[in-house]
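Student: Have a look at the structure that comes next, please.
What follows draws every value from the coordinates through simple rules; no lab data is involved. The structure presented is a predicted model; accordingly, all values stated were derived computationally and were not measured. Backbone-built Cβ (ideal geometry, glycine too); neighbour counts: all protein chains shown.
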Amino acid sequence: MKQQPSPLPDTLPQTDLTRHRRLRDQGSLRRADLDAILDAGFVCHLGVVVDGRPLVVPTVYGRDERQLYLHGSVASRSLEGGTPVCVTVTHVDGLVLARSVFEHGVNYRSAVIHGIPRQVTDPEEKLAGLRLLTEHATPGQWSYARRPNRKELAATALLALSLEEASVKIRTGAPDDGDGPDAELGLWAGVLPLTSAWGAAVPDPRLPPDIAVPEHIARREGTRHG
Ligand SMILES: Cc1cc2nc3c(=O)[nH]c(=O)nc-3n(C[C@H](O)[C@H](O)[C@H](O)COP(=O)(O)OP(=O)(O)OC[C@H]3O[C@@H](n4cnc5c(N)ncnc54)[C@H](O)[C@@H]3O)c2cc1C
């Protein structure tokens, strides 16, 4: 029987890479906050150095308890693995409009993950990782859609990045200048919230009219994303 790896610690590590230096009050060391940020989205930005130059690529992800999975074409230079990367996931919750321009800001939840991703070659893990990725963006879709065949699997690169070395920052609430001298200016200040939500599913125009939107897709209409 395969031995289950122990769960990652509840507290995020403070390493040379993850230690917050600026805006430290916005930092969180709770792994539960990291998990919630990852689960609220499905697009990350993968930062990697290719041929000595930084490249930041938006891409979808999935995850299990210990690692993030990223996929793409085997031809992608950003998905070669084996070199240090930095992945960020960002959710913007609102604009913080202060009395002074200096104090303007953003309410947000964001995560930064540092590590050296591993190229997944084991066919069983590759399929499991692709299932996590598919289900993360659209729960129910792995069992609905046709799964990748051998040729498609061979054309797909899958990277696994450990969630061990990660950091989280969260800002909530009002502007910071409500009790400073600028409060006397008589200007409006506050937060302009931003939300994003799923719309109604739009059928492919070539779809025969008797094929209905599956329940696992239809039920997301109007629900919040992020
Ligand atoms: C949507 C959005 C807009 C922002 N706009 C601005 C802006 O205009 N100006 C500005 O100064 N800051 C902004 N921030 C905050 C910014 O992301 C940084 O946290 C901040 O600038 C500190 O940067 P630094 O390089 O000094 O970080 P440092 O404190 O030196 O970073 C050290 C380590 O802390 C971690 N870390 C840093 N930032 C984050 C983060 N956001 N989330 C999770 N981990 C993090 C990383 O692991 C990093 O390696 C914004 C954040 C978001 C999400």
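Student: Mind checking the stretch 92-199 for chymotrypsin sites (Phe, Trp or Tyr not before Pro) that DSSP puts in a loop (not H, G, I, E or B) and that have at most 16 other Cβ atoms within 10 Å? Mind showing how you got there, number by number?
Tutor: Working: sites: Phe102, Tyr108, Trp142, Tyr144, Trp188, Trp198; in loops: Trp188, Trp198.
Answer by residue number: Trp188, Trp198.
Student: Mind checking the angle between helix 31-40 and the chain's longest principal axis? C-alpha axes, 0 to 90 degrees, to the nearest 10.
Tutor: 70
Student: Kindly put Ile211, Ile170, Ile116 in sequence by how many other C-beta atoms sit within 10 Å of each C-beta, fewest to most.
Tutor: Result, fewest neighbours first: Ile211, Ile116, Ile170.
Student: Using Cβ contacts closer than 10 Å as the measure, can you line up Lys169, Lys151 from fewest to most?
Tutor: Listed from fewest to most nearby Cβ atoms, that is Lys151, Lys169.
Student: To continue, here is another question. Order these by the 10 Å Cβ neighbour count, fewest first: Cys86, Cys44.
Tutor: Details: Cys86 18, Cys44 22.
Ranking Cys86, Cys44 by Cβ neighbours within 10 Å, fewest first, gives Cys86, Cys44.
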